[in-house]
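The values are calculated or read from the model by the stated rules, or taken from the named source; none is laboratory data. Small disclaimer: the values here were computed from a predicted structure and weren't measured. Here the Cβ is made from the backbone with ideal geometry for all residues, glycine too, and neighbour counts use every protein chain on show.
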Amino acid sequence: MKEKIRFINNDFLEFKNPFGENIDLVFLSPPWGGSSYLSEGVYDLSKMKPDFKRILKKSFEISKNVILFLPRSTDLNQLCDYIDTVFPSKSTYLTVESVIYETSSILGIIIYMGPLFMVF
Ligand SMILES: C[S@@+](CC[C@H](N)C(=O)[O-])C[C@H]1O[C@@H](n2cnc3c(N)ncnc32)[C@H](O)[C@@H]1O
């Protein structure tokens, strides 16, 4: 298995595909900016650093399929607005799943985007 794993430690925004073939999917756990999101009613994606639009754009440059791990309080309407802004002509299905802690509280949400996840 280890021959199939390659670790690349670099700025994600500078990532260039070294594989010479399509990348099946991108999984991202971007920085939420510390624990202050816990006390905010709604997590504001515009506060994310690096800039969330750049993260989104770069992800879809790398692969057609993107999985994002985001705070549970993410505003899904804001997320859709971002997707529309970055890709005005793109039609994307979003599948949203909650991630549950052992204590039964919801930690975050997983967003699945792209044709790989259109299983309906
Ligand atoms: C929410 S944490 C993810 C932690 C990871 N999921 C884990 O379980 O260890 C966000 C991570 O993104 C990294 N990061 C921030 N900006 C980055 C960038 N431009 N390129 C690559 N990684 C970055 C941070 O260093 C941090 O480790």
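Tell me, which strands (runs of 3 or more DSSP E) lie completely within segment 1-104 with 3 or more residues that are buried (at least 16 other Cβ atoms within 10 Å of the Cβ) and within 12 Å of the ligand (Cβ to nearest atom)?
Working: elements: 26-28, 66-71, 94-100.
Hits in segment 1-104: 66-71.
Determine the pairs where a residue that is farther than 15 Å from Asp11 by Cβ, located within segment 25-36, has a partner that is among the charged types (D, E, K, R) and at pLDDT below 95 with Cβ atoms under 7 Å apart, the partner being 6 or more residues away or on another chain.
Close Cβ pairs satisfying both conditions: Gly33/Lys47; Gly33/Lys49.
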